[in-house]
Amino acid sequence: MIEVSNLSRRFGDLLAVDSVSFAVAAGTITALVGTSGSGKSTLLRLINRLIEPTSGAVRIDGRDTSTVSGEELRRGIGYAIQGHGLFPHWTVARNIATVPDLLGWDKTRIARRVNELLELFGLDPETYAKKLPRQLSGGQQQRIGVARAIAAEPKVLLMDEPFGALDPIIRLKAQEDILAIQRRLGITIVLVTHDLDEAIRLGDRIAVMDSGRLLQYGAPAEILSHPAHGFVEKLVGGADRPLRLLSLGKVAELVEPGPADGVPVAEATSLRDALSDLLWRGAESLPVASNSGALLGRITLPAIVARAGRQA
């Protein structure tokens, strides 16, 4: 869906993005991760030409983005930013309708799309369509920001630190929302984050950047198991590495026969989340349930700790 070829951007003497190349498969999430000043946000803006490249090329769905105007290009690409960027004096409905209105959709189609997106994000249209952004919680504002970004049914969604301003609990829910929406709609997402755990949780692929260069690009398991020497190794190393590796495994992998007390955990739960659940409840084991609710067995604290030890 997205091909970045030898892309560079220079600001005076600063080479902010240095000959970066990678490809993003359709219907996947790629997370750009790195420290502040690594070039990840600049790279994102080069994809939709909010910033023009000094050299190199970007192709979206096979089309060189330099062959169309920046305005036309951006109308076909969703863009969500930290702090949502909603127009404060516009209603929720009008905010969501921004791009469809620019594209000349008729009012009936726009109203239908607004209602559809509000329902998709679990917000009742009768309750929320006429509210102003200041009447919403931070998490609700973020949902509306994403709804606006995908209102015109783009194939590509770019997200720049979209959850950075949210508290941890709301942030986790917002991440779950994005995963659910992406799976349902099949949108190709490129997401900027400084949080490696967020990149691991959301990304099908992770691009690690430093000083404008792409140091490593691969699946989360590859980045964690075989980090490139130097910066990437330091980024994924240390005491947190076994826990991060646990986040890639699922409870279904360690289900044991036998009973256990407590509220069941889903088989699709990550081993890291299951470990947190066990520690929070002070339990040695918990029952495991399938997607249909059938009990499959149990997950135990020793089994998860043993897995973490093998990955250390």
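The values are calculated or read from the model by the stated rules, or taken from the named source; none is laboratory data. Predicted model only: the values in this text are computed from it and were never measured. Counting neighbours? That spans all protein chains shown, and the Cβs are built from the backbone with ideal geometry, glycine included.
Within the stretch 177-232, the set of residues being charged (D, E, K, R), under 25 Å from Gln141 (Cβ atoms) and without any contact (Cβ under 8 Å) to a residue 40 or more places away in the chain comprises Arg183 only. Residues in the stretch 265-288 include at least one that is over 26 Å from the mean Cα position of the chain (by Cα), surrounded by fewer than 14 Cβ atoms within 10 Å (Cβ to Cβ) and of a type in the set (D, E, K, R).
Within the set Thr91, Thr98, Thr108, Thr65, the sole residue that is out of contact with any Gly (no Cβ under 6 Å at 6 or more places or on another chain), modelled with pLDDT of 90 or more, β-branched (Val, Ile, Thr) and surrounded by fewer than 15 Cβ atoms within 10 Å (Cβ to Cβ) turns out to be Thr108.
Put simply, of Gly34, Gly27, Gly39 the only residue that is in the same structural domain as Val114 (by TED's automatic domain parsing) and either surrounded by fewer than 18 Cβ atoms within 10 Å (Cβ to Cβ) or over 17 Å from Val192 (Cα atoms) (or both) is Gly27. Here Leu248, Leu296 are screened, and the one residue that is surrounded by 12 or more Cβ atoms within 10 Å (Cβ to Cβ), within 30 Å of Gly34 (Cα to Cα) and of a type in the set (A, V, I, L, M) is Leu248.
The stretch 86-192 holds helices (runs of 4 or more DSSP H) entirely within its bounds, and those carrying 1 or more residues that are under 28 Å from Ser270 (Cα atoms) map to 107-120, 138-149, 168-185.
Among the conditions (1) assigned to a strand (DSSP E or B); (2) closer than 20 Å to Gly212 by Cα, the only one that Gly37 does not satisfy is (1). Checking Ala80, Ala26, Ala31 one by one, the residue that is within 18 Å of the chain's Cα centre (by Cα) and assigned to a loop (DSSP other than H, G, I, E, B) is Ala26 and no other.
Exactly one residue among Gly258, Gly249 is at positive phi and at pLDDT 85 or above, and that residue is Gly258. Listed by position, the helices (runs of 4 or more DSSP H) inside the stretch 214-312 whose residues that are of a type in the set (Val, Ile, Thr) and under 20 Å from Asp197 (Cβ atoms) number at least 1 are 220-225, 231-236, 301-311.
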